[in-house]
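Participant: I have a structure here, written as structure tokens, and I will follow up with some questions on it.
The values are calculated or read from the model by the stated rules, or taken from the named source; none is laboratory data. This structure is a prediction, so every number in the text was calculated from the model and none was measured. Cβ coordinates were reconstructed from backbone atoms using ideal geometry, including for glycine residues, and neighbour counts include every protein chain displayed.
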């Protein structure tokens, strides 16, 4: 028996819990054990598995399999690294309604939500999240901890750095190279090489400002 532990208990956590139930609901080897969150009472009023402990206090068990359900990109990396250092093992979740080509590769902890698309020979790095109706084209290379919001599109042969965020209905043109920690705002397009730590907005997308990393 494997115990699925959802890391994060906000809206993203509750959604990931349902994705996990859709993926593993018919597999008697798995059960959703509960959630980890540092926010007391965050699950009050919701009919979901229990809140187990704060993330920092939870003692990792050999049978635990974790799902990283934190929407904040820097926070995803911080929490994942803390748990990995304590021996955590993370599940890869692909919803049954998503279409992932057999030639695509998905790293540890990747989550692909309902109706999402991952194209042929795409390489999705560890702990990336591809949300509902998001598309990731053929031969895309996506760096670790990058997140696609619903209806965002990354076109074929684009190269995406680590810890990027693509907001709702954003579009990356074919073959575009994007650095680390880039944020593309809602409804924006990117068709040119984009340096690290940049906020892009508009159609065509323009660099609005440099993003200062949180310490």
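Participant: Within region 167-181, track down each residue that is crowded, with 18+ Cβ neighbours inside 10 Å and outside any loop (DSSP other than H, G, I, E, B).
Facilitator: Of everything in region 167-181, those that are crowded, with 18+ Cβ neighbours inside 10 Å and outside any loop (DSSP other than H, G, I, E, B) turn out to be 171, 172, 178.
Participant: So if I check each of 111, 55, 6, which one is under 21 Å from residue 145 (Cβ atoms), touching a helix residue (DSSP H, G or I) at 6+ places or on another chain (Cβ under 8 Å) and assigned by TED's automatic domain parsing to the domain that holds residue 144?
Facilitator: Residue meeting the stated conditions: 111.
Participant: Tell me, which strands (runs of 3 or more DSSP E) wholly within region 1-105 include 2 or more residues that are buried (at least 16 other Cβ atoms within 10 Å of the Cβ) and within 16 Å of the chain's Cα centre (by Cα)?
Facilitator: Output list reads 2-7, 64-68.
Participant: Still on this structure: Just a yes or no: is a residue in region 80-98 under 17 Å from residue 161 (Cα atoms) and without any contact (Cβ under 8 Å) to a residue 60 or more places away in the chain?
Facilitator: No, the conditions are met nowhere in region 80-98.
Participant: Right, something else. Determine if region 159-166 includes at least one residue that is at pLDDT below 95, buried (at least 16 other Cβ atoms within 10 Å of the Cβ) and assigned by TED's automatic domain parsing to the domain that holds residue 113.
Facilitator: Within region 159-166 (the criterion being at pLDDT below 95, buried (at least 16 other Cβ atoms within 10 Å of the Cβ) and assigned by TED's automatic domain parsing to the domain that holds residue 113), the answer is no, since none of the residues qualifies.
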